[in-house]
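The values are calculated or read from the model by the stated rules, or taken from the named source; none is laboratory data. Please read all numbers here as calculations on a predicted model, not as lab measurements. Glycine gets a Cβ as well: all are built from the backbone with ideal geometry, and neighbour counts include every protein chain shown.
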Amino acid sequence: MNGLTPGFADPVPDAQACFRALLEAMARPGRVERLAALPEAPAPLAPAAAAVLLTLADAETPVWTDAGPVAEDWLRFHAGCPLVAEPGLAGFLLATGGLPALAALEAGTEEEPHRSATLIVQVAGLELGGGWRLTGPGIEREHRLQVEGLPRGFLADWAANGARFPRGIDLVLCAGNRLAALPRTTRIEEAG
Amino acid sequence: MTALGYNFGYLDENTKRMIRRALLKAVAVPGHQVPFGAREMPLPYGWGTGGIAVTASVIGAGDRLKVIDQGADDTTNAVSIRHFFAKVTGVGTTERTGEATIIQTRHRIPETRLREGQILVYQVPMPEPLFRLEPRVAETKRMHALADYGLMHVKLYEDIARHGHVAISYNYPVLVGGRYLMSPSPIPAFDNPKMDRMPALQLFGAGREKRIYAVPPYTSVTSLDFEDHPFQPVRADAPCALCGSRESYLDEVVVDDKGGRMFVCSDTDYCATRQTQREAAE
Ligand SMILES: [Zn+2]
């Protein structure tokens, strides 16, 4: 395992700070949180996406990623998580290139909707304002969020994900040191 | 009471990670009960272990913690929990609702309106709102899956037939986001309307049953009722004897050994703040 870049410099407070940002992001969908304490993750991992996995993944959570063998070694070593080749078997997924088909991911059951996957997506841009109009729990009236780099057709897939509530996956969008979250309850409209 | 197990200190990182994962899913499915792992908590049940587990998984160095029990910061339970966290985290504590970033509570919601940037952590003795009506866990899970809450409506309707009103003054069942029936924990029904579209995040921890649930900010929380019998929060018809408030929830307290009684705010911070303001104004 020599040659791996470090994880969190101070794991206990760094994981706590990252979790609080995630909790805030999930509770207020579309708000952009900035992480101050970041691991030195290898390319192509975005620092925020790597921090999210260090914070949430461990031996009990199978992880799927398309980030390649160096990133997989890094995650295995620092998070201690098993990596799986099949997206449908993962508790956490980290997509750095395209997006796995949302409908193929674990969505939980009607009785246990919490047993659903969380998909972390690295995007090219993440800015407050413009772009999408978000509504739903956690949002007083509406939040606006500009996301760059999601595939065409994402909004239709997201609407289908929301339509099977309480089943469904939850999304964490990461760009650089920033993140925003979209729980399955968030409705998205393209607002010109 | 030093044998309470405070020497166990903070939860280990694996337990926190497990609870954190459960918390995020709880926020994603408002009002749904998420089970968390089987590890034992460092306190006996009845001392707010579920709330403590949630607070311990959320709290960080920059937080200020307030702990209340029945609205008061100075009861044994509240003081113990506050000292516990001061010892194992070193965070600052406060009795002022407005100054706190995390408020752990048993049996009340503060009178002062909570805001964004605050988290309210409820200690929950029994998370399942249907447990008195349906003891089989598999059956209650099925009812939640189908949003089949007819049993609860029948119970409330029978109350109205028998008493002319719903005879529930604490732990009055609510519907979250129009979907999940949820126990608000044993807060007075008077507090239920404060949960509706609250700007703060509400987290609920049940230690014995090992369940976590959540209400995200600005999410609808409605008390179950009927069109011809709308929900009516009740409050003793008196002003607070100490601060004069006619809006706050009151406790009836015995003031002498001759059976003398008076009504005072159950929220000690709210009452003390009002008394100070009144003195300053005079
Ligand atoms: Zn008073």
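Data for the structure
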quantity: Pick from the stretch A:151-192, criterion without any contact (Cβ under 8 Å) to a residue 60 or more places away in the chain, among the hydrophobic types (A, V, I, L, M, F, W, C) and within 12 Å of chain B (Cβ to nearest Cβ), ranking: surrounded by the most Cβ atoms within 10 Å (Cβ to Cβ); calculated: A:LEU171
quantity: Count of residues meeting criterion [polar (S, T, N, Q) and within 17 Å of the chain's Cα centre (by Cα)] in the stretch B:77-104; calculated: 4
quantity: Selection count where residues are among the polar types (S, T, N, Q), assigned to a helix (DSSP H, G or I) and within 11 Å of the ligand (Cβ to nearest atom), scope the stretch B:250-276; calculated: 3
quantity: Criterion (aromatic (Phe, Trp, Tyr) and surrounded by fewer than 18 Cβ atoms within 10 Å (Cβ to Cβ)) met by exactly one of A:PHE8, A:PHE77, A:PHE19; calculated: A:PHE77
quantity: Long-range neighbours under 8 Å by Cβ, at least six apart or interchain, first residue outside the structural domain of B:LEU114 (by TED's automatic domain parsing) and of a type outside the set (D, E, K, R) within the stretch B:190-209, second surrounded by fewer than 21 Cβ atoms within 10 Å (Cβ to Cβ) and modelled with pLDDT of 95 or more; calculated: none
quantity: Tally, over the stretch B:83-116, of residues that are buried (at least 21 other Cβ atoms within 10 Å of the Cβ), free of Cβ contacts under 8 Å to residues at least 60 places away in the same chain and in a helix (DSSP H, G or I); calculated: 1
quantity: Cβ pairs under 6 Å, 6+ apart, first in the stretch B:255-282 and closer than 17 Å to B:ALA72 by Cα, second assigned to a helix (DSSP H, G or I) and within 15 Å of the ligand (Cβ to nearest atom); calculated: B:CYS265/B:CYS271; B:ASP269/B:THR97
quantity: Tally of residues being of a type in the set (Asp, Glu) and either outside any helix (DSSP H, G or I) or facing chain B (nearest Cβ under 7 Å) (or both) across the stretch A:20-37; calculated: 1
quantity: Condition met for B:LEU133 (in a loop (DSSP other than H, G, I, E, B) and in contact with a helix residue (DSSP H, G or I) (Cβ under 7 Å, 6 or more places away or on another chain)); calculated: yes
quantity: Set B:PRO186, B:PRO193: member being more than 14 Å from chain A (Cβ to nearest Cβ), under 20 Å from B:PRO129 (Cβ atoms), part of a loop (DSSP other than H, G, I, E, B) and away from the ligand (no atom under 16 Å from the Cβ); calculated: B:PRO186
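The rows are residues; the columns are (1) on the phi < 0 side of the Ramachandran plot; (2) in the same structural domain as B:THR112 (by TED's automatic domain parsing).
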| position | (1), (2) |
| --- | --- |
| B:ARG211 | yes, yes |
| B:TYR218 | no, yes |
| B:ASP228 | yes, no |
| B:GLY244 | no, no |
| B:SER248 | yes, no |
| B:GLU252 | yes, no |
| B:GLY259 | no, no |
| B:MET262 | yes, no |
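Matching residues to (1) surrounded by 14 or more Cβ atoms within 10 Å (Cβ to Cβ); (2) hydrophobic (A, V, I, L, M, F, W, C):
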{"site": "A:LEU99", "(1), (2)": "yes, yes"}
{"site": "A:LEU105", "(1), (2)": "yes, yes"}
{"site": "A:GLY108", "(1), (2)": "yes, no"}
{"site": "A:SER116", "(1), (2)": "yes, no"}
{"site": "A:LEU134", "(1), (2)": "yes, yes"}
{"site": "A:GLU140", "(1), (2)": "no, no"}
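Listed here are the residues, each with its yes/no results for (1) among the polar types (S, T, N, Q); (2) surrounded by fewer than 16 Cβ atoms within 10 Å (Cβ to Cβ).
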| position | (1), (2) |
| --- | --- |
| B:TYR122 | no, no |
| B:PHE131 | no, yes |
| B:LEU156 | no, no |
| B:GLY164 | no, yes |
| B:SER169 | yes, yes |
| B:MET198 | no, no |
| B:ALA206 | no, no |
